[in-house]
1. Of the conditions (1) free of Cβ contacts under 8 Å to residues at least 12 places away in the same chain; (2) open to solvent by 60 Å² or more (accessible area, probe 1.4 Å), ALA202 clears all except one; give me its number.
2. Select from segment 93-114 the residues that are open to solvent by 30 Å² or more (accessible area, probe 1.4 Å), out of contact with any Asp or Glu (no Cβ under 8 Å at 6 or more places or on another chain) and part of a loop (DSSP other than H, G, I, E, B) and list them in ascending order.
3. Given the structure, is ALA197 without any contact (Cβ under 8 Å) to a residue 12 or more places away in the chain, small (Gly, Ala, Ser) and open to solvent by less than 60 Å² (accessible area, probe 1.4 Å)?
4. Taking the condition of being open to solvent by 10 Å² or more (accessible area, probe 1.4 Å) and in contact with a Pro (Cβ under 6 Å, 6 or more places away or on another chain), how many residues in segment 35-75 meet it?
5. Go through ARG122, ARG135 for me and flag whichever is among the basic types (Lys, Arg) and modelled with pLDDT of 95 or more.
6. Report whether or not ALA60 is small (Gly, Ala, Ser), in contact with a helix residue (DSSP H, G or I) (Cβ under 6 Å, 6 or more places away or on another chain), in contact (Cβ under 8 Å) with a residue 60 or more places away in the chain and assigned to a helix (DSSP H, G or I).
7. Please tell me if THR139 is open to solvent by 20 Å² or more (accessible area, probe 1.4 Å), more than 17 Å from ALA41 (Cβ to Cβ), assigned to a loop (DSSP other than H, G, I, E, B) and out of contact with any strand residue (DSSP E or B) (no Cβ under 7 Å at 6 or more places or on another chain).
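The values are calculated or read from the model by the stated rules, or taken from the named source; none is laboratory data. Values in this document were obtained by computation on a predicted structure and should not be read as measured data. Reconstructed Cβ throughout: ideal geometry from the backbone, glycine too, with neighbour counts over all protein chains shown. These area figures cover heavy atoms from the full protein model, side chains too; ligands, DNA and RNA do not enter into them. Shrake-Rupley method; radii C 1.70, N 1.55, O 1.52, S 1.80 Å.
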Amino acid sequence: MPGTIVVGGQWGDEAKGKICSYLALRDSAAVSVRAGLGPGAGHTVVHEGRTLRMRQLPSAVVNPATRLLLGAGVLVRPEVLLREIEDLGVGDRVGIDHRASVIEPGHVDAEARDTHLTDRVRSTGSGHGPALAARAMRTALRAEDVPELAPYLCDTAADANGALDHGEHVLVEGTNGYGLSVLYGSYPYTVGKDSTASTAAADAGLGPLAIDDVVLCFRTYPIRVGAGPLPTEIPQERAEELGIVEFGTVTGRRRRVGTFDLDEARESIRVNRPSRIALTFLDYIDPGCRGMRGGELPSQAAEFVAWVEEGLQRQVDFIGTGPDTLDLIDRTDGSAVSRSTAGAVGVDVR
């Protein structure tokens, strides 16, 4: 079975969580590994009438048969992670790589005092930058140094590679988006590390040849939270007319909105080299397609998808049509998840 990576192609909030939760169900993922940065990047999953907002755990939580791992490359804030585990009731499924670096209270305080991060970059205040600096200086605590995390410690690289060796499906869930990469994004208005598919694989302890599928996610109307360029940004009044009023999961800040940028998307494709393209929030283009899970798209929605495919010279493989995990049109050769199948697996949350 293949290893699959899901990453964002814009400035985050591309509904990667939706795509990951869908693939975890469709492909019966044995293991899902959270890669990327840390608790500053929230993700939301809507499934079976429940809205799950998470900052650390993988979106594959919706499949109770999937083991939920955090890779060595992820920053862990113990109090945030432990609260999520308790709230979702998934302690028996969670594994934290013992080498993952820990965000300490001093890191959060240091970020709050750093005017470059707070005023110019307008970071989330989650302590990522100072924690990454501590890791670079080899002074950061690791998950194995925190007694409260002891019940969940594991070797994520060994577990993920072992699952692949046994023919099981492994999903790697990236955070943030290509435009926020410290290497390839709009520096210095970025997060503190790279957010491409290559780094996601390394975060999970997987080599390049372990990955068979890379899914790159785009929104119909890209958004951005905080400072930095958004080349196609539209006024908030226009966004409101379109019905696009969103707020950051972690910061609560209002999201800035832009129109789809083909040039930025092409650059993201060039570096991430995806095998699949996901296009989400199509219902912002045409409300008539909201909640569709198959069939022929309304004309306005179909024309937009065709325009994107022509501009990128790539097929759109997954089309998000609404907030629920299953509000999605799967145009790949995989078997789409039916309502009955999804209802059978459920999610064990309190």
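1. (1)
2. Scanning segment 93-114 gives GLU104, ASP114.
3. On the way: without any contact (Cβ under 8 Å) to a residue 12 or more places away in the chain: no; small (Gly, Ala, Ser): yes; open to solvent by less than 60 Å² (accessible area, probe 1.4 Å): yes.
In short, no.
4. Counting residues in segment 35-75 that are open to solvent by 10 Å² or more (accessible area, probe 1.4 Å) and in contact with a Pro (Cβ under 6 Å, 6 or more places away or on another chain) gives 2.
5. Working: ARG122 fails: modelled with pLDDT of 95 or more.
Matching residue, one of ARG122, ARG135: ARG135.
6. Details: small (Gly, Ala, Ser): yes; in contact with a helix residue (DSSP H, G or I) (Cβ under 6 Å, 6 or more places away or on another chain): yes; in contact (Cβ under 8 Å) with a residue 60 or more places away in the chain: yes; assigned to a helix (DSSP H, G or I): yes.
Taking the combined requirement at face value, the residue satisfies it.
7. Numbers: open to solvent by 20 Å² or more (accessible area, probe 1.4 Å): yes; more than 17 Å from ALA41 (Cβ to Cβ): yes; assigned to a loop (DSSP other than H, G, I, E, B): yes; out of contact with any strand residue (DSSP E or B) (no Cβ under 7 Å at 6 or more places or on another chain): yes.
So THR139 fits the description; yes.
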